[in-house]
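To keep things clear, I will list the structure first and then write my remarks on it.
Each reported figure results from applying straightforward, stated rules to the coordinates on display, with no laboratory input. Just so we're clear, the structure is a prediction, and the values are computed from it rather than from any experiment. Backbone-built Cβ (ideal geometry, glycine too); neighbour counts: all protein chains shown.
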Amino acid sequence: MFITFEGPDGSGKSTIIKKIHEKLVSEGYNIVLTREPGGTPIAEKIRNIILDNENQELDARSEALLYAASRRQHLVEKIWPALKEGKIVLCDRFIDSSIAYQGGGRNIGVENVLNVNLFATENTYPDLTIFFDVSPEIGLARVSRDKKRVADRLDNENENFHDKVYETFKEIVKNNPNRIVSIDASKSIDEVFDATYKIIKEKLNGLH
Ligand code: TYD
């Protein structure tokens, strides 16, 4: 079972995933928790290049290719082997982030980014994707309130970029009703956690 979590910056995604992971492990599930970009040493090195605020010259298509390269490395080294062993893989961001951020935000086209990614993933799609729905206004306000968080190259993009990312996410959700479940992430952490947990348990129990 391959489950991914998506959403704009500041959606609270990472906090919820950590709690979901702890809960499922306590119930005895065999889980691999991972994230993108990154998840393996090579993919984490690619992540550092992409998110480094000094890399202002990084071209939009180069950025998309780097995300896709790190995604493939992550699949080869970690996700595919874990799925083969029958584990549940929980992944913080995956292909939909590339479609939304590079395809929409960077405006290089959803089709182009999809094609590059299908080459990278050999058509590997998650069984379930949870979309944490929060407007860019609320999300970015949370990011700037979070003192521990150092804003990376993507966080620091302008409002127009984040609006386009959000619009594209909403399109992806609309076009993939069988795979993606949307959760109102403007609510409290406990409420978002409960909604997320319920959806995942239904999926794991074959009810969804
Ligand atoms: P990260 O700190 O992991 O973001 P968050 O904690 O909000 O999930 O940084 C990842 C950044 O990279 C985030 O701004 C989204 C962006 N991103 C893309 O633009 N394309 C992608 O394919 C992925 C996986 C992430």
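Would you work out if the stretch 59-118 is rounded, prolate or oblate? Take a ≥ b ≥ c from the square roots of the eigenvalues of the alpha-carbon gyration tensor; rounded if a/c is under 1.5, else prolate when a/b is larger than b/c, oblate otherwise. Numbers along the way, then the final one.
Values: a/c = 2.87, a/b = 2.26, b/c = 1.27.
Prolate.
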(message) Can you tell me what percent of all Cα-Cα pairs in the stretch 1-80 are more than 15 Å apart?
(response) 64 percent
(request) Over the alpha-carbon set of the stretch 61-158, work out the extent along each principal axis and list the three values in angstrom, largest first. (result) 41, 29, 21
(request) Quick one, can you get me the convex hull of the C-alpha atoms of the chain expressed as volume per residue in Å³? (result) 118 Å³
(message) What whole-number distance in Å separates the alpha-carbon centres of the stretch 61-107 and the stretch 119-138?
(response) 10 Å
(message) Just to verify a number: FRET efficiency for Glu167 and Lys198, C-beta to C-beta distance, R0 = 25 Å, to 0.05?
(response) 0.35
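Can you pull out the GluC sites (Glu not before Pro) in the stretch 107-208 whose DSSP state is coil and whose Cβ has at most 11 other Cβ atoms within 10 Å?
Numbers: sites: Glu111, Glu122, Glu137, Glu157, Glu159, Glu167, Glu171, Glu191, Glu202; in loops: Glu122, Glu157.
Here the sparse-neighbourhood loop sites are Glu122.
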(message) Students often get this wrong, so check it: of Lys18/Lys198; Lys13/Lys170; Lys84/Lys201; Lys13/Lys148, which have C-alpha atoms separated by over 18 Å?
(response) Lys84/Lys201
(request) Would you calculate a helix-derived [θ] at 222 nm for the chain, using -39,500 (n - 2.57) for each DSSP H run of n ≥ 4 and dividing by the full residue count, to the nearest 500? (result) -15000 deg cm²/dmol
(request) Apply 1/(1 + (r/R0)^6) to the Cβ-Cβ distance of Glu54 and Glu85, taking R0 = 25 Å, and write down the FRET efficiency to the nearest 0.05. (result) 0.05
